[in-house]
Each structure stands twice: as C-alpha cells, then as structure tokens.
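Visitor: What follows is a single structure, and I will ask about it in a moment.
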Amino acid sequence: MAPVAYRVTSRTRETEDTVTIGIVPVTESIPTPAAGQFCMLYAPRVGEVPISVSGVEASQSRLLHTIRAVGAVTKALCALDVGDVVGVRGPYGTAWGVEAAAGGDLLLVAGGIGLAPLRPVVHEVLRRRRRFRRVTLLVGARSPDEMVFRGEIASWQASARMEVRTTVDYATAAWKGDVGVVTTLIERLTIDPEVTVAMVCGPEVMMRFAAAGVMAQGVAPQRVLASLERTMQCGIRRCGHCQLGGLFICSEGPVLPWSRVAPLLARREL
Ligand SMILES: Cc1cc2nc3c(=O)[nH]c(=O)nc-3n(C[C@H](O)[C@H](O)[C@H](O)COP(=O)(O)OP(=O)(O)OC[C@H]3O[C@@H](n4cnc5c(N)ncnc54)[C@H](O)[C@@H]3O)c2cc1C
C-alpha cells in the first residue's frame, strides 16, 4: 500500500480542465503497466485516486497520466508542476489485451477523456501495425476545445495507418470533423463481426450506446470490451468501494467484456 515516489518531468495542458503529466521514478519504480491498467496516484497532503495510464515510455520508466480536474485530488494532481513529487502505486487492474485482437480488425471508440486509457492501445497497434487488419478509431468530444490529444489525433489521421474519425456534439466554424454523438459514427461503419474486437471507453451512457451499436452489427458481446469506472480507495480488493454486484472493478476490471458488464449495468440499483 505504500506509494513509490515519482517526479513530474512534463506537464501538458490538454483542455481547460485536463492535464497530462509525465512522471519518472525518483529511485524505485513500479512494474511497467499494460495498456488499460491504472495506478493509484497520491497528491501529497491531499489524497489518492485511480488514474489510467495514458502512455508508457518503458526505456525511461516514464509514465503518462491524463487527469481531468473534478474534485480535490484531481485538482491537486492537475496543479502539479515539473519537479514536484507524486506517490504512485500499481499498476492495477485488467488490461485491454491488445495481443488477443491481433490477426483481426480492431475498433476503438473513445468518448472525452476515455481516449486516455485507449491511447497506449493505439501506440501498441502502430508499433506492430502489420499484426492487425483494419484498425479504426472513433473519437467523440463535447466540443473541439474539449478533445484531448488533438495534435496526436491529427498526426494519426495524417499517417493513414488507421482510419480515424472525430466528432463533436457542438462544432465551431473551424471544425472539420463530424457533428453528433460518437455512436452515430458506428452506424456508418461496415464491420466484419466475426473478426472484430471493439474497445470502448468513455462515460457509461456512451459505452452502453457504443456497445449496442457494435453488437447491432453482429459483434458478439464477449468481443466488446469496456473500461468501467467506480470510486475506489484501495485499488487492491480490500475496501469494497468499487464493488459492482459480485465484481471488484479494481481487480476484475476496469477492462471487462460486455458479456459480463451488461447484466450488472442492467440492474438499476448497481
Ligand atoms: C479505474 C479508473 C481509472 C480512472 N482513470 C482516470 C483517468 O485516466 N483520468 C481521470 O481524470 N480520471 C480517471 N478516473 C476517475 C478519477 O479517479 C476520479 O475523477 C477521481 O477519483 C475523483 O477524485 P477527486 O478527489 O478529484 O474528486 P471527488 O471529490 O472524489 O469527486 C468530484 C466529482 O467527481 C465524481 N467522481 C468521483 N470519482 C468518480 C469516478 N470514479 N467516476 C465518475 N465520477 C466520479 C464525484 O461524484 C463528484 O461529482 C478513473 C477512475 C477509475 C476507477
């Protein structure tokens, strides 16, 4: 349970309320996280919260975390500056399992900051592009200003190594992507259901519609993966805060097949 000290080496503002910090170990490091896993980040004197890993530079043991300031701890983490120290525990939770999708088509659907846990998947796929057939990334945000990793999305689009489509709920005059919720992009895709693995991450309501849209095209629920968020304090199956029915999101999740998620989300009180 004791956090390891990491030092902030970079700080990038993504949107008005979202910041990506790069951190390196002061001395001891945690094991390298897999795409989809999260760390417990401790903001000194404020508290500790789960935050997904949004990038890994294994050679330098450098981790990236993209944090949206919503409350006391996330605000403190977003306010950290280069040189500051943060506590890190982990990595925890299940991974997307990118390798299991190799040989087939991959569909990534991200809503808002939901692109953060999917970003390491994109990096992994681009590193081994030939191992995958068609790779599609759909990104939705409320407005162009609220889209995270805008520069990187543009470079993915320009490289044409995968199909990237972006959409916003509210466009500006300069916006060149689509307008409408991200799930409308799914309806316009032609999906090969037998070979497609879909990974969806974003607000729960968006994931419900995205999963439904993908399954409406014949993709089996066990081939649709979602990353769930539930408040947690320990991250290691002790406190029970993240429990969803019989499931501990911290250890059996956050990444779960829709076949396991659907029956739980169908119950209102959970
Ligand atoms: C596995 C996992 C991965 C996560 N990854 C990221 C990430 O990459 N980037 C990021 O910015 N956030 C992520 N979160 C959410 C983040 O942990 C919460 O925003 C944080 O715990 C809020 O703490 P706080 O003290 O800042 O705010 P609080 O004061 O605890 O809460 C402020 C507001 O946010 C709401 N809230 C708190 N926790 C959650 C939650 N887990 N889900 C939805 N709403 C919540 C509260 O209801 C309240 O309205 C993740 C959560 C989980 C479980």
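Visitor: So the label point goes 7 Å from the Cα of Gln217 along Cα→C-beta, right? Which residues of segment 135-156 then have their backbone N under 17 Å from it?
Guide: The answer is 135-140.
Visitor: Can you list the residues, at least 5 places off or on another chain, whose amide H is less than 5 Å from the amide H of Val255, using H built in the peptide plane?
Guide: Close amide H contacts, sequence-distant or interchain: Thr94, Leu228.
Visitor: With the Cα gyration tensor of segment 104-168 giving a ≥ b ≥ c as the square roots of its eigenvalues, does the rule (a/c under 1.5 for rounded; else a/b larger than b/c for prolate; else oblate) give rounded, prolate or oblate? Can you show the working numbers first?
Guide: On the way: a/c = 1.95, a/b = 1.79, b/c = 1.09.
Note, shape of segment 104-168 comes out prolate.
Visitor: Tell me the GluC sites (Glu not before Pro) within segment 212-270 that lie in a loop according to DSSP and have at most 14 other beta-carbon atoms within 10 Å. Each step should come with its number before you reach the end.
Guide: Details: sites: Glu229, Glu252, Glu269; in loops: Glu229, Glu269.
In loop regions of segment 212-270 (DSSP not H, G, I, E or B), the sparsely surrounded GluC sites (Glu not before Pro) are Glu269.
Visitor: Can you work out ³J(HN,Hα) from phi for every residue in segment 30-47, in order, using Karplus 6.51 cos²θ - 1.76 cosθ + 1.60 and θ = phi - 60°, giving whole Hz and x for Gly and Pro?
Guide: Values, residue by residue: 8, x, 5, x, 8, 4, x, 7, 10, 10, 8, 9, 10, 8, x, 6, 10, x Hz.
Visitor: Taking the DSSP beta bridges in the chain as the whole, what percent of them are antiparallel, to the nearest 5? Each step should come with its number before you reach the end.
Guide: Details: 37 of 60 bridges.
The antiparallel fraction comes to roughly 60 percent.
Visitor: I'd like the FRET efficiency for Ile236 and Thr12, computed as 1/(1 + (r/R0)^6) with the beta carbon distance as r and R0 of 30 Å, rounded to 0.05.
Guide: Computed FRET efficiency for Ile236 and Thr12: 0.50.
Visitor: Extension gain Met1-Leu126, at 0.36 nm per residue separation less the Cα-Cα distance, in nm?
Guide: Full extension from Met1 to Leu126 adds 41.5 nm.
Visitor: So who's got an amide H within less than 5 Å of the one on Ile67, skipping anything under 5 residues away but keeping other chains? H placed 1.01 Å off N, in plane.
Guide: Val19, Thr20, Ile21
Visitor: Can you give the Kirkwood hydrodynamic radius of segment 159-270 from its Cα pairs, in Å with one decimal?
Guide: Over segment 159-270, the inverse of the mean reciprocal pair distance is 15.7 Å.
Visitor: Additional query: Not counting ligands, DNA or RNA, and with a 1.4 Å probe, what is Tyr6's accessible surface area in Å² rounded to the nearest 10?
Guide: Roll a 1.4 Å probe over it and Tyr6 shows about 0 Å².
Visitor: Here is a further query. Can you compute 3J(HN,Hα) from phi for each residue in segment 146-153, using the Karplus curve 6.51 cos²θ - 1.76 cosθ + 1.60 with θ = phi - 60°, rounded to whole Hz and x for Gly and Pro?
Guide: Taking θ as phi minus 60°, the curve returns 9, 7, 7, 6, 4, x, 5, 4 Hz for segment 146-153.
Visitor: At 0.36 nm per residue, minus the direct Cα-Cα distance, what do Thr190 and Ala171 gain on full extension? Give it in nm, one decimal, please.
Guide: Result for the pair: 4.3 nm of gain on full extension.
Visitor: Between segment 232-255 and segment 62-135, what is the C-alpha centre distance in whole Å?
Guide: For segment 232-255 versus segment 62-135, the Cα centre distance is 19 Å.
Visitor: On to the next question. Let me check I've understood the local charge: for Glu152, count other residues with C-beta under 12 angstrom from its C-beta, Lys and Arg +1, Asp and Glu -1. What total comes out?
Guide: Overall, the nearby charge balance is +1.
Visitor: Report ³J(HN,Hα) in whole Hz for each residue of segment 90-105, in order, from the Karplus equation J = 6.51 cos²θ - 1.76 cosθ + 1.60 where θ = phi - 60°; Gly and Pro get x.
Guide: Karplus-based 3J(HN,Hα) across segment 90-105 equals x, x, 10, x, 7, 9, 5, x, 4, 4, 5, 8, 4, x, x, 8 Hz.
Visitor: Hey, another quick one. Below 8 Å between Cα atoms, with a sequence gap of 6+, how large is the relative contact order for the chain in percent?
Guide: Over the chain, the number comes to 17 percent.
Visitor: Leaving out ligands, DNA and RNA but keeping every protein chain, what accessible area does Asp84 have, in Å² rounded to the nearest 10, with a 1.4 Å probe?
Guide: 60 Å²
Visitor: A further question on this structure: Roughly speaking, what is the stretch gain from Thr32 to Val46, that is 0.36 nm per residue apart minus the C-alpha to C-alpha distance, in nm to one decimal? Walk me through the numbers on the way to the answer.
Guide: On the way: separation 14, 0.36 × 14 = 5.04 nm, distance 2.57 nm.
2.5 nm is the gain from fully extending Thr32 to Val46.
Visitor: Right, another one. Please compute the net charge surrounding Thr172, taking Lys and Arg as +1 and Asp and Glu as -1 over other residues with Cβ under 14 Å from its Cβ.
Guide: Summing Lys and Arg as +1 and Asp and Glu as -1 gives -1.
Visitor: DSSP beta bridges in segment 98-227, what fraction antiparallel, as a percent rounded to 5?
Guide: Close to 0 percent.
The values are calculated or read from the model by the stated rules, or taken from the named source; none is laboratory data. Not measured: the values here are computed from a predicted model. Glycine also receives a Cβ, built like all others from the backbone with ideal geometry; neighbour counts cover every protein chain displayed. Side chains included, ligands, DNA and RNA excluded: accessible areas come from the protein's heavy atoms. Shrake-Rupley method; radii C 1.70, N 1.55, O 1.52, S 1.80 Å.
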